[in-house]
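The values are calculated or read from the model by the stated rules, or taken from the named source; none is laboratory data. Being a predicted model, the structure only gives us computed values, none of them experimental. Counting neighbours? That spans all protein chains shown, and the Cβs are built from the backbone with ideal geometry, glycine included. Ligands, DNA and RNA are stripped out before the accessible areas are found, and what is left, the full protein with its side chains, is counted by its heavy atoms. Shrake-Rupley method; radii C 1.70, N 1.55, O 1.52, S 1.80 Å.
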Amino acid sequence: MSYVTGLRCSRCGTRYDASTGPTLCLRHDLGRLDITYDIARVGRSLTRGSLRKRGTDIWRYHELLPVPSTYAVRLHEGGTPLIAAHRLGAHLGLKHLYLKDETRNPTASFKDRAMAVGVAKARQLGAHTVVTASSGNAAAALAAYAAKANLTCYAFVLEGASVGKLAQLGLYGAHILKVRAVRPGQDPTVSLLLDAVRARGWYPCPSFGPFNPYQVEGPKTISYELGEKFGEAGPDWVLIPTGSTCLLAGIFRGFRDFHRLGLLDSIPHLAPVQPAGNAAFTRAVQAKRRFGEIEPEPHPSTVAAGLSDPFPWDGDVGLEAVRVSQGAAVAVPDPAILEAARDLARFEGVFAEPSGAAGVAGLRSLLEQGHLDSKDRVVVLVTGSGLKDLRSVAVRDMRTIAPEADALGRLLRL
Ligand SMILES: *Cc1c(COP(=O)(O)O)cnc(C)c1O
Ligand SMILES: [Zn+2]
C-alpha cells in the first residue's frame with residue numbers, strides 16, 4: 001500500500017503520477033520531483049504505539065518512504081546511536097550535547113539511508129544499471145546496495161577521491177570512472193551522469209534531489225529517529241554538515257513530517273555547516289538571497305571532500321529549512337574542521353572524516369554568535385567515518401621500542 005499522492009516538479013510545477021515512476025522532469029529543467037504523501041492516512045498507521053513493534057532500520061517508517069518495503073535491500077541502514085557527549089560538551093560549554101553517529105551505517109556514512117531507498121526504487125522499476133556522480137560516499141553506498149540487489153553500478157567520481165572511498169567502490173564491484181574538473185563552478189561528474197542517463201537509459205542515483213527524487217527521502221529517517229528519541233519536545237538545535245544541501249533538505253522535511261503528524265511540537269532550529277572554502281549556500285543564507293540568485297563556488301577548496309559540491313542543488317528547500325526553523329548557517333575554516341575531528345576522537349571516542357566532523361566545528365561559531373545557549377539540547381550529525389579519508393590525520397607520539405625487558409622503563413624515563 002502506498003501513501004504517496006504524487007510528484008511535482010520544483011521548477012515548473014508539472015505534476016506526475018507516482019505509478020509511472022518518474023525520476024527527472026520531462027521538461028529537462030533540472031527541477032526536483034517533490035513527493036507528496038497523504039499525511040492523514042499516514043497518521044492513522046504511523047503512531048508512537050505502532051512504532052514500538054517495528055524493526056530498527058529505515059523501513060520502520062515505510063509509510064513516509066516512496067517505495068513499498070517489499071523492494072527493500074537491507075544492510076541494517078539507520079537506527080544509529082544517539083551519544084550523549086558529556087566530555088565534548090563540557091569542553092565547549094554545552095550541558096546537553098548529543099552526537100547522532102551516522103558513521104555506524106553499513107558503508108560508514110549517512111548516504112546509506114539515501115541509497116537504500118534509491119536502489120529499492122530501481123528494483124521496483126526493473127532497472128539493471130545504476131549510475132551516480134559523487135565525491136565518494138554516495139558512490140560507495142550506491143555500490144554496496146547495487147551489489148546486494150545484483151545491479152550493475154557505474155560511478156563518476158572526482159579525480160581526487162580518497163583511497164578509502166575508492167577501495168570500497170572497487171571491492172563492491174562498481175565500475176569506477178574518475179573525472180577531472182575542467183570548468184570553474186561546475187561538477188563534471190554531474191554532466192557526465194546526465195549524458196549517460198539520457199543516452200543509455202541508466203537509472204540515475206546521485207545524492208541530490210534534481211536527479212532522483214526517491215533517494216532524497218532516505219535521510220528524512222534521521223529526523224524521525226531523533227523525533228522518537230527526544231519525544232514531542234524534540235531537540236533545540238541540529239547541526240548538519242552541508243555540501244549539496246540534500247541532507248539539510250531531508251532533515252527539514254523529516255521534522256516537518258513529524259510535526260504535521262503531531263509527533264513533534266515544533267521543528268528544531270537547523271544549522272547547516274559548510275567549509276569556508278566552499279560556502280555558496282551559507283553566503284546566500286547570510287545575504288538573504290533567493291535560490292535563483294545563488295552562484296556556484298568557482299573553485300571549491302577544502303579538506304572536507306564530502307562537502308565540496310560547488311552548487312547547492314537542493315538549496316531551495318535548504319533556504320526554506322533555515323528560514324522556517326529559525327536556524328542559522330555557518331562557514332568554518334579547514335583548521336577548525338580538523339580540530340573538530342580531533343576533539344570528537346579524543347573526548348568522545350568517535351572517529352570521523354573531516355566532512356563528518358564539520359558539524360562539531362560549527363558549534364563554536366554558533367556559541368560565539370549567540371545562537372546557542374549553554375542549556376540548549378543540541379544534536380550534531382556526525383556523517384562519515386574517519387577510515388574513509390586518512391590523508392588529513394597526522395599521527396604523532398609514536399616511538400619504536402626494542403623487544404627487551406627494560407626497554408619500556410628506559411623509554412618512559414626519557
Ligand atoms: C554527502 C555528505 C555530506 C553532505 O551532504 P549534502 O547532502 O551533500 O549536503 C556530509 N557529510 C558526509 C560525510 C557526506 O558524505
Ligand atoms: Zn519541471
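Remarks
- For the chain, the longest principal axis of the Cα atoms and the long axis of helix 137-149 meet at an angle of about 60 degrees.
- 5 angstrom amide H check on residue 158, placed H, neighbours 5+ away: 134, 179
- Whole-Hz Karplus values for the range 263-268 come out as 8, 9, 5, 8, 7, x Hz, taken residue by residue from phi with 6.51 cos²θ - 1.76 cosθ + 1.60 and θ = phi - 60°; glycine and proline positions read x.
- Histogram of C-alpha separations across the range 258-414, 10 Å bin width, %: 10, 32, 29, 15, 7, 5, 2
- Solvent-accessible area of the chain (1.4 angstrom probe, protein heavy atoms only): carbon and sulfur portion equals 51 percent.
- Here the range 188-288 is treated with +1 on each Lys and Arg Cβ and -1 on each Asp and Glu Cβ, and its dipole about the Cα centre works out to around 420 debye.
- Largest GNM mean-square fluctuation among 230, 311, 258, using the chain with Cα springs under 10 Å: 230.
- The distance between label points at residue 54 and residue 283 comes to 4.2 nm (points 7 Å beyond Cα on the Cα→Cβ vector).
- Under the Debye formula (equal points on every Cα, no solvent term), log10 I(q)/I(0) of the range 20-173 at q = 0.13, 0.18 Å⁻¹: -0.76, -1.17
- Here the dipole of the chain is about 600 debye; that uses its Cα centre as origin and unit charges on the Cβ of Lys and Arg (positive) and Asp and Glu (negative).
- Looking at the range 1-61, the trypsin sites (Lys or Arg not before Pro) that sit in a DSSP loop and have at most 12 other Cβ atoms within 10 Å of their own Cβ are 27, 52, 53, 54.
- Per residue, the accessible area of the chain comes to 42 Å² when a 1.4 Å probe rolls over the protein heavy atoms.
- Amide proton proximity set for residue 131, modelled H, under 5 Å, gap of 5+: 154, 203, 205
- Value of relative contact order over the chain, rounded to a whole percent, pairs C-alpha under 8 Å and six or more apart: 16
- P(r), alpha carbons of the chain - 10 Å bins starting at zero, rounded %: 5, 23, 34, 25, 9, 3, 1, 0
- Where Rh is the Kirkwood radius over Cα pairs, Rg/Rh for the range 117-249: 1.01
- Dipole magnitude (debye, nearest 20) for the range 84-182, charges at Cβ of Lys, Arg, Asp, Glu: 160
- Residue among 212, 191, 224 farthest towards the positive dipole end of the range 188-237, charges placed on Cβ: 191
- Residue 205 - accessible surface, heavy atoms, 1.4 Å probe, Å² rounded to 10: 0
- Applying the Karplus relation 6.51 cos²θ - 1.76 cosθ + 1.60 with θ = phi - 60° to the range 365-378 yields 3J(HN,Hα) values of 4, 5, 5, 4, 7, x, 6, 9, 9, 4, 9, 5, 8, 10 Hz, where x marks Gly and Pro.
- Each label was represented as a point 7 Å from its Cα along the Cα-to-Cβ direction; for residue 408 and residue 293 these points are 6.5 nm apart.
- Excluding same-chain neighbours fewer than eight residues apart, the lysines reachable from residue 388 by a Cα-Cα span under 19 Å are 100, 111, 165, 178.
- Those lysines that a straight Cα-Cα span of less than 25 Å connects to residue 95, excepting residues fewer than 8 apart in one chain: 229, 375
- Per-residue 3J(HN,Hα) values for the range 379-391, derived from phi via the Karplus relation 6.51 cos²θ - 1.76 cosθ + 1.60 with θ = phi - 60°, read 10, 10, 7, 9, 8, x, 6, x, 5, 5, 8, 9, 4 Hz in sequence order (x marks Gly and Pro).
- Solvent-accessible area of residue 202 with every protein chain in place, 1.4 Å probe, in Å² to the nearest 10: 40
- Surface accessible to a 1.4 Å probe, residue 70 within the full protein complex, Å²: 120
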